[in-house]
Amino acid sequence: MHDLVIALIGSNGFIGSHVAQSCSEAGIPCFEIPRWEGDEKKLDSLIQELRNSNSGKRIILVQTAWYSTSNTDYRSSPENYEWVKITQAIVEICKKHHIVFAGLGTCLEKLIIDKDVYTTCKSEIRSYLDSQSPVNEWVWFQLHYVYSAEHGKPAVLKKAAEAIESKVSLTLGTPDDKHDFIEVRDAASALVHSLVANFRGVVEIGTGKTVEVSSFLASLFPNLEIIKGSSKEKRISYQGMADTNDLVSSGWAPKFSNH
């Protein structure tokens, strides 16, 4: 029986729902909070109750909720700034009750210039953690290219499926870009594995391998015809693989990622 209890904010979201499933599969109690948007007194009371009913156990709060990536403007929306304030309040509640905070970022944080609102806000949370809390009080999961063919995420997978169904080609602006694509179930299992292993600080979530966008789509959609677009517009794109050495050495390995 695990000595670990997870409080999961955003348990009905894309990644959060898979984290909840991974907790269930691992036999880890998961206190699900579908979406919390700023009622500090309510969250404070919930965490106090969780602490009182789980004396002697490790409690980690995982914050997966953010401005929805299903909205086309999620990288530029000012709502990202509101979620910075919300997340900072969550961190302070965690500190008050002496529980570990775990947040989610993106590998795009690695880019130094021309950051959009979304990645800037995620970087701001990282800076806040660095300045306000000792590293043993938080975990920051830096996610690489999370996908799900079943759910059609990211949008390019949905477009690829639609192209196959309509028997047309798919035009891509950057088919030669290389990314570390990780299936959402693997991302969730890596996250939960890291919490069980008591990791702290920054943990990169990926497979540790990169593959070209065109090759990745071809592996999921063998009959898809891909055309390279003529647009010369430059787009921010982090091309690189996750450092998974700690994860792999502790016994984790991807099961679902298709490369």
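What follows draws every value from the coordinates through simple rules; no lab data is involved. Everything numeric in this text was worked out from a predicted model, so none of it was measured. Cβ atoms come from the backbone with ideal geometry, glycine included; neighbour counts cover every protein chain shown.
A few comments on the model shown:
- Placed amide H near residue 5: partners under 5 Å, 5+ positions off or other chain: 58, 59, 60
- Rg(Cα) / (2.2 N^0.38 Å) computed for the range 82-166, rounded to two decimals: 1.40
- Spin-label model, residue 255/residue 161: points 7 Å from Cα along the beta carbon direction are separated by 2.2 nm.
- Least to most buried among 159, 110 (fewest other Cβ within 10 Å first): 110, 159
- Beta-bridge orientation, the chain: approximately 10 percent antiparallel, per DSSP, counting only bridges with both partners inside.
- Integer Hz, Karplus 6.51/-1.76/1.60 couplings in order for the range 49-63, x for Gly and Pro: 5, 5, 5, 5, 8, 9, 4, x, 9, 6, 10, 10, 9, 10, 9
- Sequence ranges 189-200, 218-229, ranked by mean other-Cβ count within 10 angstrom, highest first: 189-200, 218-229
- Among the listed pairs 41/122; 115/178; 167/209; 122/158; 42/110; 153/255, those beyond 29 Å (Cα-Cα): 167/209; 42/110
- Interchain or long-range residues, amide H under 5 Å from residue 202's placed H: 140
- When the Cα gyration tensor is reduced to axis lengths a ≥ b ≥ c, the ratio a/c is 1.5 or higher for the range 9-65, and with a/b not above b/c it is classed as oblate.
- For the chain, cysteines whose Cβ has no other cysteine Cβ within reach (under 4.7 Å): 94, 107, 121
- Residues with amide H under 5 Å from that of residue 171, placed H, sequence gap 5 or more: 227
- Put simply, when 171-180, 129-138 are sorted by average Cβ atoms within 10 angstrom per residue, most first, you get 171-180, 129-138.
- Each principal axis of the Cα cloud of the chain was taken in turn, and the coordinate range along them, longest first, works out to 58, 39, 31 Å.
- The DSSP beta bridges internal to the range 86-214 are antiparallel in roughly 20% of cases.
- The 3J(HN,Hα) values that the Karplus relation (6.51, -1.76, 1.60; θ = phi - 60°) gives for the range 40-48 are, in residue order, 5, 4, 5, 5, 4, 5, 4, 5, 4 Hz. Gly and Pro appear as x.
- Per the Kirkwood formula applied to alpha carbons, the range 100-217 shows a radius of gyration over Rh ratio, Rg over Rh, of 1.04.
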